[in-house]
Every structure is written in C-alpha cells, then in structure tokens.
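Note sheet for the following structure.
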Amino acid sequence: EEMVRLTIVNAPGDVVIGGEAVACQRVVEKLGKSRAYRLHYDVAIHCGEVEPFRESWWKIHHRETTPVEGLRYYSVANLDHYQASADNAAKALTGMALNRVDFPSLIEKAYADGVRIFVELGPRDGCSKWIARTLDDAGGRSEYLSVAMDRGGRSSLQQLVDVVAQLAVAGVNVDLEALDAALAPLNTAVFEKDVAERR
C-alpha cells in the first residue's frame with residue numbers, strides 16, 4: 001500500500017502501521033481484523049513524512065541535558081548508545097521521529113553490550129513485555145530482568161517499592177537509606193492523616 005508505512009516494530013509479531021485511513025484498513029483486512037486494533041494516535045511519526053518538520057522537532061527536543069555517570073543512553077535512531085548531551089538527545093529523538101522504530105533490534109544491541117537489567121518508567125509496562133518477547137523468542141534467554149514502574153492497578157508507591165525489591169533481589173546495589181529518606185516526608189504525612197482521621 002503506497003500510503004501506508006510500517007512505523008514501529010515493538011516485538012516479534014507486534015508492529016504498528018500508519019498512514020491514510022482507508023489504505024490502513026485494507027492492510028488490516030488482509031492481515032485479519034482480529035489481529036489488529038486502532039491505537040488512536042492520530043499523528044504522523046516514525047516515518048519519512050516527518051522530514052519537513054526535522055528542524056522544529058530538533059529544536060523542541062534540544063534541552064539542557066545532564067549525563068548520569070554509569071548510565072548508557074540507547075536510541076532506536078542509530079540502534080546504539082550515545083553520550084547524553086543536549087545535541088545528542090535532540091539528534092536521537094529527531095532520528096526516532098523520522099525513521100521506523102525497531103525496538104527488538106535495540107534490545108538485542110543492548111543485550112549484546114551486556115545489559116541485563118531494564119527499568120521501564122512507563123506509561124504502563126508495554127516495553128517490559130516487548131523486551132521479554134524479544135529476548136525469550138530469540139533463544140529463550142532468561143538471564144535478564146525487566147521491571148516496570150507503571151503496571152497499573154496499584155499505587156505508584158507500591159510499584160516503586162516492588163521494583164526496588166526486584167532490583168535488590170537481582171543483586172543491584174540499591175541505596176535503601178536514600179529511598180527511606182526520600183519517603184520519610186510521605187510516611188509522616190500518611191501517619192498524621194491517619195491520626196487525624198482516628199480523632
């Protein structure tokens with residue numbers, strides 16, 4: 001279909017298409033309606049049609065950036081990691097907007113580089129599921145951990161504590177004292193509310 005683009009490969013067997021609505025519908029009908037659903041993201045992205053907006057996109061995403069020592073930043077724009085800077089982050093985000101997202105290839109690259117722990121900030125836990133499908137389908141590798149901070153159904157605090165516990169069990173050196181200090185004001189507020197309600 002001339003007016004349809006394969007915009008995202010999320011995981012093996014899980015892709016996103018975009019384009020002219022009637023043309024997309026024809027693709028869906030050929031693949032089987034039961035195998036597809038509409039995302040309702042009515043924006044052109046992850047395709048060459050964004051090219052006229054390259055400069056604007058770069059400017060929007062060119063922001064003050066502070067690298068964090070010991071962290072690698074990966075981008076689907078080049079399927080590799082980069083040094084965090086305002087220029088590099090804007091370049092990575094612009095490249096992602098202009099080109100198809102190949103998430104499995106990025107995960108495979110990170111895994112080949114030795115990455116074994118993936119922390120997803122959200123929204124929800126879609127990427128964590130795609131990581132599992134990518135790594136499990138590619139030889140059944142199980143020596144990795146993928147955790148999500150936003151799985152839904154529980155409070156943000158419960159999910160944070162759950163993720164920290166999973167990381168600690170996996171052997172990550174978690175600074176529990178820093179976490180406890182950050183949560184102390186919240187604990188005090190909850191305690192004071194509970195006392196006030198009991199009065």
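Assigned to a helix (DSSP H, G or I) and at pLDDT 90 or above - does that describe any residue in segment 135-154?
yes
Given the residues ALA97, ALA112, ALA84, which is the only one that is under 25 Å from VAL15 (Cβ atoms), of a type outside the set (Val, Ile, Thr) and modelled with pLDDT under 95?
ALA112
Quick grid of which residues meet (1) under 26 Å from GLY171 (Cβ atoms); (2) of a type in the set (Phe, Trp, Tyr); (3) outside any loop (DSSP other than H, G, I, E, B):
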residue	(1), (2), (3)
LYS30	no, no, yes
TYR37	no, yes, no
PRO52	no, no, yes
TRP57	no, yes, yes
GLU69	yes, no, no
LYS91	no, no, yes
GLY95	no, no, yes
GLU108	yes, no, yes
PHE118	yes, yes, yes
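Need the failing condition index for PRO104 against (1) at pLDDT below 95; (2) in contact with a strand residue (DSSP E or B) (Cβ under 7 Å, 6 or more places away or on another chain), just the number.
Only one criterion is unmet by PRO104, namely (1).
For segment 25-79, name all the residues that are surrounded by 13 or more Cβ atoms within 10 Å (Cβ to Cβ), among the aliphatic types (A, V, I, L, M) and more than 18 Å from the chain's Cα centre (by Cα).
The answer is VAL27, VAL28, ALA36, ALA44, VAL50, ILE60.
Filtering segment 46-76 down to residues that are of a type in the set (A, V, I, L, M) and modelled with pLDDT under 95, which residue is nearest to ASP113 (Cα to Cα)?
The qualifying residue nearest to ASP113 (Cα to Cα) is LEU71.
Would you point out which residue out of TYR111, TYR82 is open to solvent by 40 Å² or more (accessible area, probe 1.4 Å) and either over 16 Å from the mean Cα position of the chain (by Cα) or free of Cβ contacts under 8 Å to residues at least 40 places away in the same chain (or both)?
TYR82
List the number of the failed condition for ASP14; all other conditions in (1) closer than 27 Å to SER85 by Cα; (2) open to solvent by less than 80 Å² (accessible area, probe 1.4 Å) hold.
All conditions pass for ASP14, except number (1).
Okay, residues lined up against (1) touching a residue at least 24 places away in the same chain (Cβ under 8 Å); (2) within 25 Å of VAL9 (Cα to Cα):
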| site | (1), (2) |
| --- | --- |
| HIS62 | yes, no |
| ALA77 | no, yes |
| GLN158 | no, no |
| VAL169 | no, no |
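The values are calculated or read from the model by the stated rules, or taken from the named source; none is laboratory data. Remember, predicted model here, so these are calculated numbers, not experimental data. Note that each Cβ is placed from the backbone with ideal geometry, even for glycine, and that neighbours are counted across all protein chains shown. For accessibility, only protein heavy atoms count, side chains too; no ligands or nucleic acids. Shrake-Rupley method; radii C 1.70, N 1.55, O 1.52, S 1.80 Å.
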